[in-house]
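Contents: one structure, followed by commentary.
Coordinate-derived values only; no laboratory data. Here the structure is a predicted model, which is why all the values come from computation and not from measurement. Methodologically, a virtual Cβ is constructed for each residue, glycine included, from the backbone with ideal geometry; neighbour enumeration extends over all protein chains shown.
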Amino acid sequence: MSEKIKIIYIDDEKINVMLFQINFSVNYEVYTGYSGYEGLNLLEKHSDTKAVISDLSMPEMSGIEFIMEAKKKYPEKKFYILTGFEVTDEIENAIKSGLIQGYFRKPFCMQEIEKEINKLS
Amino acid sequence: MKSLKFEYRITILYTLIGGLWILFSDNILHLLVNNRAKLSDFQTYKGWFYVIITAILLFFFIRRQLNKHRSLEIALQEHQNHLEETVKERTKELELNIKRLKDTQAHLVQTEKMASLGILTAGVAHEINNPLNYIMGSYVGLHRHYEENSFSDHPEQVGKLIEAMKIGVDRSSSIVKGLSQFSRKSDSYDEDCNVHEIVENSLIMMSSQIKCQISIEKDYSNSDMVIKGNVGNLHQVFINILNNAVQAIESVGTIIVKTREKESEVVITIEDTGTGIPKENLKRLTDPFFSTKAPGKGTGLGLSITFNIIKEHKGRLEFESEVGKGTTVRIVLPKINRP
């Protein structure tokens, strides 16, 4: 494998971010942020990012709001939601409309997420 | 004259005729009959004439009056019959309305309860899933660490300890998932419902209620049994029926859960060895607010709601019961409820 795939992870909970960073850095190049705004900045800095995974409920800007904003600028990138909620109408609509590629449940399943990301390489 | 009552009228008329007769009949007779010898004969004829005329008059007068009464009586009887029918009709309408009202009330209570429960569970699930995510993340990191490095002391034990964390997270997560599915708010009857998964979830949620003397026997069909329906509502169906089965068992007993797949429908049978249901109560089981449980133990809404949910799924709910032996509840659901 030549270069690691670049992914961005956004979550307002610090422990989640830290653990994601530790676990996914083994196989991917991971950039993390604590809000949608940080996510938009990260996307600007790392334009070759393949996938963006975001928490759903965050203060100020929700995961869906962040992805809607990001998708306008970067329609070619793949977006995912990782949340402690069961599938909500909001998530279902986002999948149907093609806004997000998929949805992962917390507690996360490493294999499930890796499988999805590896499809993009 | 018209305003006077019949008895007054007839008395006055009789007195008038009699009086006039007494006053004038003899004078008239004297004018008409000159022969004195024949006068007494004519007196007799006159008497008879009076009697016949008054009798005829009385006959017609009374008959007219009685006819009026008779037709009134018939009209009254007809009216009364009609009234009875109207009362019967109205009572039926009233009973139907009361039933509708009870149904609506039951539905409202349930909707309100499920709405609050849904909000609560979604919140709780989210709050629990986040810390579970921490544990899962730590497990993944530790597990990898363990695989890459050998721990000098008791490497086998460390491996087992780390695996136990994973099992704990998985089990907690599946309970939270089951709970979320149970209280999921959705009006769609077109969701994919995995019957075995729903029954298992319901059993997990009932596990604290299932006393240790109750054994659960499962006899599941080998097929997948995925039908179209409403996931949250079907959870309620099984939880309600399992709850009744558990409450029917006083101390020791068995609950058998059986699933079978047929061509166009699935059949789930829940059998308990509980107290059973008397025949007179079997018909009323699904009436809203009908309960034989002690106050506080049941609202009488469980089976009414269950029945309505199954009706929405175009399915059937059947009961068989024998007092002292137990009850069998059969739930029949079409695979696709809206073809």
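The table below lists the values:
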{"read-out": "Mean-position separation - Cα centroids, the stretch A:62-98 and the stretch B:213-270, in angstrom", "value": "37 Å"}
{"read-out": "Shape category assigned to the stretch B:186-339 from the gyration tensor of Cα positions, a/c cut at 1.5", "value": "prolate"}
{"read-out": "Neighbour-count order for B:S71, A:S25, B:S138, B:S251, fewest beta carbons within 10 angstrom listed first", "value": "B:S251, B:S71, A:S25, B:S138"}
{"read-out": "Among B:I135, B:G159, B:L31 - extreme Cα towards positive end, dipole of the protein assembly as shown, charges at beta-carbon", "value": "B:L31"}
{"read-out": "Relative contact order of the stretch B:212-288, pairs being alpha-carbon contacts under 8 Å that are 6 or more residues apart, as %", "value": "35 percent"}
{"read-out": "Loop sites in the stretch B:234-339: trypsin sites (Lys or Arg not before Pro), DSSP, at most 14 other Cβ within 10 Å", "value": "B:K262, B:K283, B:R284, B:K293, B:K297, B:K325"}
{"read-out": "Sequence-separation-based contact order of chain B, relative, with Cα cut under 8 Å and 6+ spacing, percent", "value": "12 percent"}
{"read-out": "Fraction of the pair-distance distribution of the protein assembly as shown above 34 Å, Cα-Cα pairs, percent", "value": "59 percent"}
{"read-out": "Mean projected area (nm²) of the alpha-carbon convex hull when the stretch B:135-187 is viewed from all directions", "value": "4.3 nm²"}
{"read-out": "Relative exposure of B:L317, B:L234, judged by other C-beta atoms within 10 Å (fewest first)", "value": "B:L317, B:L234"}
{"read-out": "Spatially proximal lysines relative to A:K77 (Cα-Cα < 24 Å; intrachain offsets below 8 disregarded)", "value": "A:K4, A:K6, A:K45, A:K50, A:K96, A:K106, A:K115, A:K119"}
{"read-out": "Chain B: antiparallel DSSP beta bridges as a percent of all, rounded to 5", "value": "80 percent"}
{"read-out": "Rounded if a/c under 1.5, otherwise prolate or oblate - the stretch B:265-324, Cα gyration tensor axes", "value": "oblate"}
{"read-out": "Chain A: C-alpha gyration tensor shape, a/c 1.5 cut-off, then a/b vs b/c", "value": "rounded"}
{"read-out": "Check: chain B dipole with +1 on Lys, Arg Cβ and -1 on Asp, Glu Cβ, in debye", "value": "2640 debye"}
{"read-out": "Two-site label geometry, A:L120 and B:E89: point separation in nm, points 7 Å out along Cα→Cβ", "value": "7.2 nm"}
{"read-out": "Footprinting exposure proxy for B:C193, A:C109, B:C212 (fewest neighbouring C-beta atoms within 10 Å first)", "value": "B:C212, A:C109, B:C193"}
{"read-out": "Two-decimal Rg to Rh for chain B - Kirkwood Rh, Cα set", "value": "1.58"}
{"read-out": "Sequence-distant residues sharing a close amide H with A:F104 (under 5 Å, placed H)", "value": "A:I81, A:L82, A:T83"}
{"read-out": "Loop-resident sites, the stretch B:192-298, for GluC sites (Glu not before Pro), counting at most 13 other Cβ within 10 Å (DSSP)", "value": "B:E250, B:E263"}
{"read-out": "Partners for B:K325 among aspartates and glutamates (Cα-Cα distance below 16 Å; same-chain residues under 8 apart left out)", "value": "B:E250, B:E271, B:D272"}
{"read-out": "Kyte-Doolittle mean at least -1.0, axial Cα span of 18 Å or more - DSSP H helices of chain B", "value": "B:6-32, B:36-148, B:155-182, B:231-248"}
